[in-house]
Amino acid sequence: MGEQLYTPQEVADILKVRKTTVYDMIRKGSLNAVKMGKQFRITEGDLQQVLTTNTSPNRMTEPSPLPVSRIDTFPVEREASSALRNFVVCGQDIVLDMLCSSANSILGSARFLRSYAGSYAGLLALYNEEVQIASAHLWDQVSDTYNLPFIRALMPGEDVRVFHVLSRPVSIYTAAGNPKGILSIDDFARPDVTMVNRERGSGIRVLMDSLFSLRGISTAGINGYNRIVHSHLAAASIISRGGADCSVGTDSAAAQFANVSRVFLRNEQYDLVLRKADENLPEIRTMIAVLQSRQFRDEVGSMGGYDVSDMGRQLL
């Protein structure tokens with residue numbers, strides 16, 4: 001079975017808000033939704049993300065921007081571009097929501113909009129000029145490096161700029177106490193183990209498929225390999241409810257569930273990609289200034305679960 005879908009009215013009932021508030025959250029990008037014909041549907045994982053990233057059901061807001069007193073310290077230009085453009089930023093980590101919120105606060109309008117497309121899809125959208133900024137955490141098994149090999153392959157002939165955002169631990173999710181003793185990717189192929197997988201093109205899916213290939217594991221024999229969810233939180237939620245034995249995702253998502261244990265797998269690199277032609281636009285300069293600021297680095301670092309020591313470093 002696929003992941004449960006909710007109507008906006010059902011989400012409103014769960015969150016104890018008006019349906020118009022739910023539509024406003026979808027419009028602002030603080031609640032991800034899928035459009036089916038003329039109707040919106042919200043996945044269980046996206047609803048869970050709202051529930052776990054806000055302190056109470058009645059506090060349905062976007063991540064807090066940097067305090068106004070701090071914004072004045074950024075050496076950025078406040079003027080808007082002559083062409084009033086919106087800028088779409090792809091990726092799923094909440095740090096991107098914080099980054100867009102802080103940049104929008106400085107600009108005085110919601111110029112940066114969010115898309116929750118995965119790494120591979122985000123880079124393709126950037127190549128096709130459908131979005132302005134993509135994020136990536138794609139592991140290349142040949143070079144044992146992140147992102148740059150994929151950026152070169154998916155954006156041939158394009159002049160791009162790449163900025164490091166953070167490093168974060170990725171782990172195998174299991175039920176509390178790891179009752180089945182799942183210690184490595186190899187255990188996913190055991191006949192008594194059932195996994196839940198991520199969508200094609202997500203950084204986690206690329207990592208898992210690469211590790212299965214390196215170990216000579218046929219995905220055809222893995223129970224649950226074709227059961228797909230679209231976020232780290234959705235995967236952790238299924239494990240927490242006993243819907244599967246294991247999955248892979250970020251530690252920060254699993255930490256939202258008391259009955260999910262983690263087996264460390266590796267640290268992954270998370271980067272931002274944009275076109276060189278856009279780098280001098282005032283809005284883009286503002287976002288990069290926020291990313292490279294000590295204030296933003298300290299704010300993200302205080303959340304725990306992230307290595308922000310190289311945040312803002314230009315890689316290309």
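The values are calculated or read from the model by the stated rules, or taken from the named source; none is laboratory data. Treat the numbers as computed from the prediction; the structure is a model and nothing was measured. Virtual Cβ from ideal backbone geometry, glycine too; neighbours counted across all protein chains shown.
Worth pointing out:
- Test: residue in the range 193-205 that is over 28 Å from SER115 (Cα atoms) and surrounded by 17 or more Cβ atoms within 10 Å (Cβ to Cβ): yes
- Boolean, ILE182 is surrounded by 18 or more Cβ atoms within 10 Å (Cβ to Cβ), out of contact with any helix residue (DSSP H, G or I) (no Cβ under 8 Å at 6 or more places or on another chain), at pLDDT 95 or above and within 30 Å of LEU5 (Cβ to Cβ): no
- Subset tally (residues that are among the acidic types (Asp, Glu) and assigned to a loop (DSSP other than H, G, I, E, B)) for the range 302-316: 1
- If the condition is being more than 22 Å from the chain's Cα centre (by Cα) and closer than 19 Å to SER171 by Cβ, then the range 218-240 contributes ILE222, GLY224.
- Summed over the range 146-158, residues that are free of Cβ contacts under 8 Å to residues at least 60 places away in the same chain and under 19 Å from the mean Cα position of the chain (by Cα) total 1.
- Any hit, the range 44-65, residues being basic (Lys, Arg), modelled with pLDDT of 50 or more and either out of contact with any Cys (no Cβ under 7 Å at 6 or more places or on another chain) or part of a loop (DSSP other than H, G, I, E, B) (or both): no
- Single condition THR286 does not satisfy, out of (1) within 22 Å of TYR120 (Cβ to Cβ); (2) assigned by TED's automatic domain parsing to the domain that holds ASP93: (1)
- With respect to the conditions (1) at pLDDT 95 or above; (2) under 21 Å from ALA136 (Cα atoms); (3) surrounded by fewer than 19 Cβ atoms within 10 Å (Cβ to Cβ), ALA176 falls short on a single one, namely (2).
- Any chance ARG161 is in a strand (DSSP E or B) and over 16 Å from the mean Cα position of the chain (by Cα): yes
- Top-ranked residue in the range 125-158 [being touching a Gly at 6+ places or on another chain (Cβ under 8 Å) and not in a loop (DSSP other than H, G, I, E, B); ranked as surrounded by the most Cβ atoms within 10 Å (Cβ to Cβ)]: ALA134
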